[in-house]
Amino acid sequence: MRVVKPDAEGLRRAVEVLRAESVVAFPTETVYGLGANAFSAKAVGEIYRLKNRPSWNPLIVHVANVEAARALAETWPGLANELAAQFWPGPLTLVLPRARHLAGVGASNDTIAIRIPAHEVALQLLEASGLPLAAPSANRSEGISPTTADHVLRSLPDVPLVLDGGPASWGIESTVVDVTGETARLLRPGALPLREIREAVGSILLPDEGPADGAARSSPGMSRRHYAPRAALVLVKEVDQTGLSDSVGVLTYEGFSGTEVLSADPREYAADLYAALHRLDDAGVATILVQEPPDTEDWLAVRDRLSRAAAK
């Protein structure tokens, strides 16, 4: 495996690998992605193989600009215009009707999930390659998403190239919004808060229970179990640390004590969450007790990730 700086030579190597229908791990503002030519069956197959990702779980396609996004969609609704104008580049993925001439990106459906990342290295890679890049998180399926190049190395040692752009700033995946209907619908809560989307488009429908594993879906991040550490993660309302053994790690937020204490601000907590779970896994604990965050909309994305990480 080669870890390279995202300088001119590193980008040249990355483009060479991508054009050879292989994969490259690269930084985005959310988490590190495992990128491949979105419309090469061979390259996309390599993503699924390396991640051991179920074939029914779709991929998000990353593009360099709105024109490239429009070329992948059969229609471009007004909702897409408004959201793209306000939040791209950024941690928002839009689900749109797939252009009829395009082959599937992994899972078979008639929609496509697209975003423009707000990370200099990601945008440079997209521009230099001239390719739309399918890029799920660069880790084994169901595992903790990577926010550093080192996380990628430990989870996917067989990836041929990693562009090291430093720690991801948001630390949690993009918000996914379906704009195929008259009203925007949230499919996956994420880095972009719902209140900002409401301010842009007036209203947004919240997700229902979601499809069962194995069923068709238009967005990743909807699996029952996802984002999970090797240790058993247990959500608790109150953490009683009396008598806990060294095999138990405790993740809390400011105002509580624990092995890992994160910020009480939901964005700052989200930015550090995966890194904290990686540290606890690296410490070799068998169980991670996590203090439940507040049950408010600002914490929706964090609660989503923790509930899926805790699923059996």
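Applying Stokes-Einstein at 10 °C and 1.306 mPa s to the Kirkwood radius of the stretch 232-310, computed over alpha-carbon pairs, gives a translational diffusion coefficient of 127 µm² s⁻¹. Computed from backbone phi with θ = phi - 60° and the Karplus coefficients 6.51, -1.76 and 1.60, the 3J(HN,Hα) list for the stretch 268-283 is 5, 4, 4, 5, 9, 4, 5, 4, 5, 5, 4, 4, 5, 4, 5, 6 Hz; x is used for glycine and proline. Straight-line reach from Lys237: taking Cα to Cα under 21 Å and skipping same-chain neighbours fewer than 8 places apart, the lysines in range are Lys312.
Using Cβ point charges alone (K and R +1, D and E -1), the dipole size of the chain about the Cα centre works out to roughly 1060 debye.
Taking the number of Cβ atoms within 10 Å of each Cβ as an exposure proxy, the fewest-first ranking of Thr259, Thr242 is Thr242, Thr259.
In this label model, Asp246 and Ala99 are separated by 5.8 nm, measuring between points 7 Å along each Cα→Cβ vector. Taking Cα centre as origin and charging only the Cβ of basic (Lys, Arg, +1) and acidic (Asp, Glu, -1) residues, the dipole magnitude of the stretch 232-310 rounds to 220 debye. Along the axis of the charge dipole computed for the chain (Cβ charges of +1 for Lys and Arg, -1 for Asp and Glu, origin at the Cα centre), the listed residues Ala184, Asn109, Ser203 are led at the positive end by Asn109.
Using C-alpha pairs under 8 Å with a sequence gap of at least 6, the mean separation divided by the residue count of the stretch 221-295 gives a relative contact order of 46 percent.
Distance between the pseudo-spin-label points of Glu268 and Ala8 (7 Å out from Cα toward the beta carbon): 4.1 nm. Dividing the mean sequence gap of close Cα pairs (under 8 Å, 6+ apart) by how many residues the chain holds gives a relative contact order of 21 percent. Between Ala99, Leu194, Gly166, the Cα set farthest toward the positive side of the dipole of the chain (charges on each charged residue's Cβ, about the Cα centre) is that of Ala99.
Across the stretch 288-299, rounded Karplus estimates of 3J(HN,Hα) from the backbone phi angles (6.51 cos²θ - 1.76 cosθ + 1.60, θ = phi - 60°) give 10, 8, 10, 5, 4, x, x, 8, 10, 5, 4, 9 Hz, Gly and Pro being marked x. The spacing between the stretch 39-104 and the stretch 174-209, judged by their C-alpha centroids, is 16 Å.
Just so you know, all these numbers are worked out from the coordinates, no wet-lab data involved. Just so you know, these numbers come straight off a predicted model, no measurement behind them. Positions of Cβ are generated from backbone atoms using ideal geometry, with glycine treated the same way; all protein chains shown enter the neighbour counts.
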